[in-house]
1. Output the residues belonging to the range A:46-56 that are of a type in the set (K, R) and more than 9 Å from chain B (Cβ to nearest Cβ).
2. Only one of (1) over 12 Å from the mean Cα position of the chain (by Cα); (2) within 14 Å of chain C (Cβ to nearest Cβ) fails for A:L43. Which number is that?
3. Give just the number: which of (1) crowded, with 19+ Cβ neighbours inside 10 Å; (2) touching a residue at least 60 places away in the same chain (Cβ under 8 Å); (3) of a type outside the set (F, W, Y); (4) more than 23 Å from B:A119 (Cα to Cα) does B:I53 not satisfy?
4. Of the residues that sit in the range B:1-15 and are within 12 Å of chain D (Cβ to nearest Cβ) and either part of a loop (DSSP other than H, G, I, E, B) or at positive phi (or both), which one is farthest from the chain's Cα centre (by Cα)?
5. Can you work out which of the residues in the range D:107-140 that are at pLDDT below 90 and of a type in the set (A, V, I, L, M, F, W, C) is nearest to D:I75 (Cα to Cα)?
6. Could you list all residues from the range B:102-123 that are small (G, A, S) and closer than 23 Å to B:D71 by Cα?
7. Taking the range B:21-34, which residues are in contact with a helix residue (DSSP H, G or I) (Cβ under 7 Å, 6 or more places away or on another chain) and more than 7 Å from every other protein chain (Cβ to nearest Cβ)?
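The values are calculated or read from the model by the stated rules, or taken from the named source; none is laboratory data. It should be emphasised that the depicted structure is a prediction, and the values quoted were computed from it without experimental measurement. Cβ: placed from backbone, ideal geometry, glycine included. Neighbour counts: every protein chain shown.
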Number of protein chains: 4
Amino acid sequence: MQSFKTLYRVSWVDTDAAQIVHFSNFFRFFERAEEEFYEHMGLTDWLGVKDVILPRVEAFCQYRKPARFNDLLEIELTVEELKEKSVRYGFKIYNKKTAELLANGYVVAVAVDRHTLKAVPIPQEIVEKLKTYCPLDKTK
Amino acid sequence: MQSFKTLYRVSWVDTDAAQIVHFSNFFRFFERAEEEFYEHMGLTDWLGVKDVILPRVEAFCQYRKPARFNDLLEIELTVEELKEKSVRYGFKIYNKKTAELLANGYVVAVAVDRHTLKAVPIPQEIVEKLKTYCPLDKTK
Amino acid sequence: MQSFKTLYRVSWVDTDAAQIVHFSNFFRFFERAEEEFYEHMGLTDWLGVKDVILPRVEAFCQYRKPARFNDLLEIELTVEELKEKSVRYGFKIYNKKTAELLANGYVVAVAVDRHTLKAVPIPQEIVEKLKTYCPLDKTK
Amino acid sequence: MQSFKTLYRVSWVDTDAAQIVHFSNFFRFFERAEEEFYEHMGLTDWLGVKDVILPRVEAFCQYRKPARFNDLLEIELTVEELKEKSVRYGFKIYNKKTAELLANGYVVAVAVDRHTLKAVPIPQEIVEKLKTYCPLDKTK
């Protein structure tokens, strides 16, 4: 299975008074990886500019080890499931230096019309690209 | 089952360019409700000051309808499961005005020693209070 | 001079690894006070919904003492200067319990057309309300 | 005058319902540039780990043009003033593609003992590095 990997260095503002990354920020790291994945696929416009947007309907994260200020994180994204109107991304976050798995999770996004907020099919241009990353193609 | 409810008004900074609340912020709203729950139980010190801290090991949210700037949210917290070393909070977020359910989810927190980050029993003072809110008491 | 005051309790996510509130969050507290000020004046619609928006053109904060998790903050807003197309809010943040001044600053907002982003006069409905708070009325 | 430059791509979460970057986030971009500056100088440990920390005492930003989702920003940091116990960084944020200046500002940080929060001299190891970037050396 093909995956997409990117790096992110933990910023001071990502931490909290427990001196570790705040749990909510892992979801922001997931999203950053998704943004870079779209950039990598040449699909950046779809993340905000066009009439179809992909809001999240589910998000999950399991926290295994803390991330700390200045840690270099490797974020791995896989397309776990691709349906006609939704896509499920899987994420794993590693400490790049120690190779430890810090967190894993997933996000389900549904394609919706920006104006009506009704679900619509994922645009074909995106489907074509995501397919090359997805082991479970259920779009047909 | 007893639950704890609090209110939160969506701030401008909580929104994103889709003009709805960013999905990661629902987890912050969950935590704010938890903080006010501890405040309500007279347990605020446990959320940061003492030697036992309660980091999250799992977080999940299902998004049903968007929340928008200035929406008044009602956040309902229940103690879904109480174990010796962990607690699972359930959350429901409603639009106070329309009574619509916008999101639901849960967070599992584990008691750990602040210095060693090893799991330890949830302090008895907390257990006693949480019990009164929990339908599934597995602490014994 | 009339001022507007509101309360805000510091959330865990507001803190950073120095175990104090991250400096950028004071600007968010300023904005929250402004939102509640508009709410108080019955002008909430102007903060996002209408065709005129009020983006910031300047922001300044001086940090005097740290704020910590769960501190109850009192945020005081004054309308320091009101011009045809801009308004300058002054802010003071106090620790409610100790009455210490933690931070002070200001924000200048300019009225712009949402679509063209060109400066326009502050809508009369807002001017009328702000005037009652402002010692330096330069709108005429 | 020598400056330090770094790049940052605007993430979805950085934006707000005006579909531009929230004003508070420019301060986070300033700080990210500072972190990478310290990394570049081999001084990362000083940003969090050691007994001397450098909290902010002043922060200012002037907003000239909006930044939007996925814009690639170039952040330029200069050491505007170096004193015995404080340093003032200047920042300019450009749109990398259009070369437009979007925002400029500064942050003053004071060296303090982590435990007492009293001001102390900036550690010599940092002073030596900052000097090479600073036109106004007032440390002597």
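1. A:K50, the sole residue that qualifies.
2. In the conditions (1) over 12 Å from the mean Cα position of the chain (by Cα); (2) within 14 Å of chain C (Cβ to nearest Cβ), A:L43 misses (2) alone.
3. Against the list (1) crowded, with 19+ Cβ neighbours inside 10 Å; (2) touching a residue at least 60 places away in the same chain (Cβ under 8 Å); (3) of a type outside the set (F, W, Y); (4) more than 23 Å from B:A119 (Cα to Cα), B:I53 comes up short only on (4).
4. Here the answer is B:S11.
5. The selected residue is D:C134.
6. B:A103, B:G105
7. The answer is B:V21, B:N25.
Residue-by-condition table, conditions (1) more than 30 Å from C:D45 (Cβ to Cβ); (2) surrounded by fewer than 22 Cβ atoms within 10 Å (Cβ to Cβ):
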{"residue": "B:Q2", "(1), (2)": "yes, yes"}
{"residue": "B:T6", "(1), (2)": "no, yes"}
{"residue": "B:V21", "(1), (2)": "no, no"}
{"residue": "B:S24", "(1), (2)": "no, no"}
{"residue": "B:F29", "(1), (2)": "no, no"}
{"residue": "B:A33", "(1), (2)": "no, no"}
{"residue": "B:D45", "(1), (2)": "yes, yes"}
{"residue": "B:P66", "(1), (2)": "no, yes"}
{"residue": "B:I75", "(1), (2)": "no, no"}
